[in-house]
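Okay, so here's the structure we're looking at.
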Amino acid sequence: MQLISTHYVMGGQVGYHGNLFGGIMLSWIDEAGAAFACQIADTGRMVTKHISALTFESPVRPGQLIKIYGRCLKIGNTSLTIEIEARRHSIYNGTQKPVCKCEIVFVRIDGDGEPVPIAPHIRKKMEKK
């Protein structure tokens, strides 16, 4: 998996129990995934279609780093599927602990928001991997 995003958890992003709000993590995952999808598809016009079930495995506290990793699983005619994993990273010893993982489907769109094909050379590039 490729590192695609890093975030520092701040006090204003946590809830009553002192853990990072799940919605903030989802936002980071969606934003990182979208940027990664745009990079893969060579276009800035990718939108989120589906996010798979997601389970939070480890708490995240203020002062910790979250590193988000991704890899492309599949490229279809108008969409691509990315696996995303968020890990809690220790700045003290470099260890990482998985926080959550999901798959996201992104669709390439035109100016009217309608699906359009992903360029054939992008699919060929994926097939070589």
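Derivation of every value follows stated rules applied to the coordinates shown; laboratory data play no part. In this text the structure is predicted, and so the values were computed from the model without any measurement. As a convention, Cβ positions derive from the backbone with ideal geometry for all residues, glycine included, and neighbour counts pool all protein chains shown.
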Checklist entry - Which value, to two decimals, describes the C-alpha radius of gyration of the chain once divided by 2.2 N^0.38 Å? => result 1.14
Next on the checklist: Using the crude model of +1 on Lys and Arg Cβ and -1 on Asp and Glu Cβ, and no other charge, please compute the dipole size for the chain relative to its Cα centre, in debye to 20.
Outcome noted: 500 debye
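Would you mind ranking VAL9, VAL60 so that the residue whose beta carbon has the fewest other beta carbons within 10 Å leads the list?
Ascending number of Cβ neighbours within 10 Å: VAL9, VAL60.
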Checklist entry - Within the chain, what is the number of lysine pairs with alpha carbons under 18 Å apart, leaving out pairs fewer than eight places apart on the same chain? => result 9
Checklist entry - What FRET efficiency comes out for the pair GLN96/HIS50, r = Cβ-Cβ distance, R0 = 35 Å, nearest 0.05? => result 0.85
Item to check | Sorted by Cβ density within 10 Å, fewest first, the residues ASP110, ASP42, ASP30 | outcome: ASP110, ASP42, ASP30
Checklist outcome for this item: Which residues qualify? For VAL60, with a placed amide H closer than 5 Å and at least 5 residues away or on another chain, they are LEU20
Checklist entry - Percent relative contact order of the chain, based on C-alpha pairs within less than 8 angstrom and at least six residues apart? => result 28 percent
Checklist entry - For the stretch 22-29, in order, what is each residue's ³J(HN,Hα) by Karplus, 6.51 cos²θ - 1.76 cosθ + 1.60 with θ = phi - 60°, in whole Hz (x at glycine and Pro)? => result x, x, 5, 4, 4, 4, 4, 5
Checklist entry - So what J values fall out for the stretch 72-89 if you push phi through Karplus, 6.51 cos²θ - 1.76 cosθ + 1.60 with θ = phi - 60°, rounded to Hz, Gly and Pro as x? => result 7, 8, 7, 10, x, 5, 10, 10, 9, 10, 10, 8, 10, 9, 9, 10, 7, 10
